[in-house]
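Trainee: Attaching a single structure in C-alpha cells format; questions to follow.
Here, each number is a calculation from the coordinates, and none is a lab measurement. Just so it is clear, the model here is predicted, and its values are computed rather than measured. Every residue, glycine among them, receives a Cβ derived from its backbone with ideal geometry; neighbour counts consider all protein chains shown.
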Amino acid sequence: MAVPVIDISAFSETRAHPGRIALLQTWREALECWGFAVITGHGFPEDALRDLRASAERFFMEGDKEGACLKAGYGVGGYCSRGIESVSRSVGQASPPDLVESVCFHNPEDSARYGAHGAAWEAATGTLQPAAHRYYHEATQLVRLLVLLTSEALGCSEGNSFVRAHENLSCSLRLAYYGPVEAELIEDGQLRYGAHTDYTGFTILSQDMTDCAEAGGLQVMSPSGEWVAVNAVAGSFVINAGDLISRMTNDCLRSNLHRVTNPRGSFCRNARLSVAFFTGPADEVVCETLPLEGDAKYKPITAGEHLQAKLRATNV
C-alpha cells in the first residue's frame, strides 16, 4: 500500500474540467483512508521553494541561531535547538526529545510580534526573510485551494462552516533540519521526529529529495496499521489533515499518525531539510462540526484553545 499520488490540476483549472468529479472522489477517499495525499499539478512556483531551501541551508550551516532563538520553546516561532521538542507526547506517548532543530516563521513580515526579541530575530534571520515571505504567500494561496477542494469533495454547500472557518488563517512555516547524529548518542526509541498527528488544519510538506526508506524519512500509518514510507516525488507536496480537520468533519477525514525515522546503519549520516507549512483557522475562530454523518462527536472549540493544549504537551 502507498499514500495516493494525486494530480489536482483538474480542480484548479475550470469547474467544467472532465476530470473534476473523479478528482473529488479520489481526494475524499485519500483523506478518509490515509489522511494523506501526495499532490502534483498544484502550480506552486518552483523557484519559490528552491530559493527558500537554499536560504535555509545557509542558515542551519552558518546562521546566527542564538540570535534567532526566542527561548520560549516550540510553537512561538524562532529557532529551536535539538532537545527542545518531543512531539510524541502530544498523543500521550512518553519519548526522548526529537533529533531535530528548526526555525519557524508565523508571519515573515511581523517581527514586532516578538517584542523585545524582534530586532534580534529580524537581524538573525535577515537572509531568510525574503524567501520565507514569498513562500508563505504562495503556500497560503495553495491551502485556500485545498480547503475549497475538500469542501466540494465532502459535498458541502457553498458558504459552509468548514470554508468559513478557514477565511481567517493562522499559518506557520517550519524549516526542520535533521543533522547527522552518532549512533551512541541516540537514546532507545529516539527518532528524528516521533509518532504524532498534526494539530490543526492542513499541512503542506516539501520533502527532502533524499527521502527514502533506506535514508530515513517520513513514514505514515497505513489503514491496516503498518508504517509505510512516503518516498519523495519530484515536484510534489505531501498534504495531510490535522486534528481540527478531523474534528470539524466529525472524523470523516482522518488525522493520521506519522513520524520521521532515522537512517539505517551505525550513524545518522544523512542530513535532511524539510519544509512544512502548518495551517488552520485563526486562534479566535470557533470550530464547529459539520453535519456529515451521525451526531456531532465534538463540542465547538476555538482553534487557539485546541492548539495551545497540544503545544503544552509537546515541549520538553
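Trainee: Could you tell me how many degrees, from 0 to 90 and to the nearest 10, lie between the Cα long axis of helix 46-62 and the main elongation axis, the longest principal axis, of the Cα atoms of the chain?
Mentor: With both axes taken from Cα atoms, the answer is about 30 degrees.
Trainee: Now for a separate question. List His306, His258 from most exposed to least, where exposure is judged by having the fewest other Cβ atoms within 10 Å. Each step should come with its number before you reach the end.
Mentor: On the way: His306 20, His258 26.
Fewest-to-most Cβ neighbours within 10 Å comes out as His306, His258.
Trainee: Expressed as an acute angle from 0 to 90° and rounded to the nearest 10, what is the orientation of the C-alpha long axis of helix 303-314 relative to the principal long axis of the chain?
Mentor: Approximately 40 degrees, to the nearest 10.
Trainee: Now, a different point. Under the rule a/c < 1.5 gives rounded, and otherwise a/b versus b/c splits prolate from oblate, where does the stretch 1-108 land using the Cα gyration tensor?
Mentor: Numbers: a/c = 3.15, a/b = 1.67, b/c = 1.88.
It comes out oblate by the Cα gyration axes.
Trainee: Compute the distance in nm between two label points, each set 7 Å from the Cα along the Cα-to-Cβ direction, one at Ala309 and one at Gln141.
Mentor: Output for this residue pair reads 3.6 nm.
Trainee: Right, next: To the nearest 10 degrees, how steeply does helix 20-33 sit against the main Cα axis of the chain, on a 0 to 90 scale?
Mentor: The two axes meet at around 60 degrees.
Trainee: Go ahead and run the numbers for FRET between Glu226 and Asn107, Cβ-Cβ distance against an R0 of 45 Å, rounding to 0.05.
Mentor: Values: r = 38 Å, r/R0 = 0.86.
Once rounded, the FRET efficiency stands at 0.70.
Trainee: On to the next question. Suppose the chain between Val233 and Glu29 were pulled fully straight at 0.36 nm per residue; how much longer would it get relative to their current alpha carbon spacing? Intermediate results must be reported in sequence, preceding the final value.
Mentor: Values: separation 204, 0.36 × 204 = 73.44 nm, distance 2.03 nm.
Extending this stretch completely gives an extra 71.4 nm.
Trainee: Cys156: net charge of surrounding residues, Cβ under 12 Å, Lys/Arg +1, Asp/Glu -1, itself excluded? Before the final figure, lay out each step's value.
Mentor: On the way: positive: Arg28, Arg164; negative: Glu152, Glu158.
Surrounding charge for Cys156 is 0.
Trainee: I've got another one for you. Based on other C-beta atoms within 10 Å, arrange Lys65, Lys310, Lys299 from fewest to most.
Mentor: Values: Lys65 17, Lys310 20, Lys299 8.
Starting with the residue having the fewest Cβ neighbours, the order is Lys299, Lys65, Lys310.
Trainee: Related question: For Cα pairs less than 8 Å apart in space and 6+ apart in sequence, what is the mean separation divided by the residue count of the stretch 5-314, i.e. the relative contact order in percent?
Mentor: 22 percent
Trainee: Next up: How much length is gained on full extension from Leu292 to Asn160, taking 0.36 nm per residue of separation minus their Cα-Cα distance?
Mentor: Details: separation 132, 0.36 × 132 = 47.52 nm, distance 1.16 nm.
Extra length available between Leu292 and Asn160 comes to 46.4 nm.
Trainee: Between Arg15 and Ala54, what length in nm is gained on full extension when 0.36 nm per residue of separation is reduced by their alpha carbon distance?
Mentor: Values: separation 39, 0.36 × 39 = 14.04 nm, distance 3.67 nm.
Between Arg15 and Ala54, full extension yields 10.4 nm more.
Trainee: Mind checking the log10 I(q)/I(0) for the stretch 49-92 at q = 0.14, 0.16, 0.24 Å⁻¹? Debye, one equal scatterer per Cα, no solvent, two decimals.
Mentor: Per q value, in the given order, log10 I(q)/I(0) is -0.44, -0.55, -0.91.
Trainee: Against the empirical 2.2 N^0.38 Å scaling, what ratio does the C-alpha Rg of the chain come to?
Mentor: Values: Rg = 18.9 Å, N = 316, 2.2 N^0.38 = 19.6 Å.
Compared with the compact-globule rule of thumb, the chain sits at 0.96.
Trainee: Right, here's the next one. Between Thr302 and Glu167, what is the label-to-label distance in nm when each label sits 7 Å out along the Cα-to-Cβ direction?
Mentor: 1.8 nm
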